[in-house]
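Beneath this line is the structure, given in structure tokens, with notes to follow.
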Amino acid sequence: MNPFPEDIFTEPENVDPDTLANLGPLRRLAGVWESAKGVDVNPKADGPERRQYIERIEMHPIDAQTNGPQLFFGLRYHIHINTPEEAITFHDQTGHWLWEPATGLVLQSLSIPRGQTALASGFAKPNDMRLVVTATRGQTNYGICSNDFLEYAFRTDSYRLEITFNPDSSWSYVAETMLKVRGQAEPFPHRDVNTLVKVAEPKPNPLMVRLATKTA
Ligand code: HEM
């Protein structure tokens, strides 16, 4: 059954300007996070390579966003990863986390500057201590798009991210990206795990900053 309204244009009124107060299950992700204990398993010519990595993640609230009646609160994020051995960027990723309070829909849009992008989805309630989002190659809604070389050499068939919020307010993730590597019979599970600790609070969303300067 189609869950959507007939009126696709009318936007919600009186939307709370304070995104941080309306992030539901994403609230625990807001802030700046670091860890030196990430572990990555990635495909190399002579077999899987396992590397420890240093990760920094910034997640700051954005102003509420609407598609007609559909209302999202969310975070804009940037992940930057190095290794202890090399100064060069090991992994870079930007995107948004979105939450639709009306339905519990959670979206993660992600972009990797090697010509790859995905939109992953899941559902969560405001106090959930676990988030799972998935994307599958070939789906037009929650799919994965890769440049032609990646499609040829490292076809990305699926993506799954599981986040667990820990009692000490750190959070852990397990990301599994299934790759079909050219010349290899078996799919390759490209896996990343880490636990992040907060190093700074999130900045308020732009509308809250403007409202604060107006009343000051
Ligand atoms: C913490 C997160 C991640 C880290 C540290 C990481 C790291 C890496 C590394 C080091 C490689 C090998 C690159 C090379 O040999 O040149 C690689 C390959 C790859 N990764 Fe990731 N990755 C992460 C997440 C992801 C995600 C989320 C996706 C897709 C949804 C992805 C897709 C790929 C693909 C398709 C390849 C093969 C292409 C290539 O080797 O250039 N990775 N990753």
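The values are calculated or read from the model by the stated rules, or taken from the named source; none is laboratory data. Nothing here was measured: the structure is a model prediction, and the numbers come from that model. Reconstructed Cβ throughout: ideal geometry from the backbone, glycine too, with neighbour counts over all protein chains shown.
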Pairing a residue in the stretch 172-201 that is more than 23 Å from residue 131 (Cβ to Cβ) with any residue that is acidic (Asp, Glu) and within 12 Å of the ligand (Cβ to nearest atom), where Cβ atoms lie under 7 Å and the two sit 6 or more apart in sequence or on different chains, gives 180/157; 187/157
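Would you kindly identify the strands (runs of 3 or more DSSP E) lying entirely within the stretch 85-148 that contain at least 1 residues that are touching a His at 6+ places or on another chain (Cβ under 6 Å)? Full working, then the answer.
Values: elements: 91-100, 105-112, 116-123, 130-136, 144-146.
The qualifying strands (runs of 3 or more DSSP E) are 91-100, 105-112.
Look through 186, 176, 151 and report the one residue that is part of a loop (DSSP other than H, G, I, E, B) and of a type outside the set (Val, Ile, Thr).
On the way: 176 fails: part of a loop (DSSP other than H, G, I, E, B); 151 fails: part of a loop (DSSP other than H, G, I, E, B).
Going through 186, 176, 151 in turn, the sole match is 186.
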Does residue 195 satisfy being outside any loop (DSSP other than H, G, I, E, B), closer than 21 Å to residue 93 by Cβ, of a type in the set (Ser, Thr, Tyr) and more than 11 Å from the ligand (Cβ to nearest atom)? yes
Say whether the condition of being surrounded by fewer than 17 Cβ atoms within 10 Å (Cβ to Cβ), in a strand (DSSP E or B), modelled with pLDDT of 95 or more and touching a Pro at 6+ places or on another chain (Cβ under 6 Å) is met by at least one residue in the stretch 71-84. no
Residues of the stretch 114-173 being on the phi > 0 side of the Ramachandran plot and among the polar types (S, T, N, Q), in sequence order, are 169
Selection from the stretch 198-210 of residues surrounded by 14 or more Cβ atoms within 10 Å (Cβ to Cβ) and either within 16 Å of the ligand (Cβ to nearest atom) or not in a strand (DSSP E or B) (or both) yields 202, 203, 204, 205, 206, 207, 208
Picking from 116, 65, the residue that is surrounded by fewer than 17 Cβ atoms within 10 Å (Cβ to Cβ) and free of Cβ contacts under 8 Å to residues at least 60 places away in the same chain would be 65
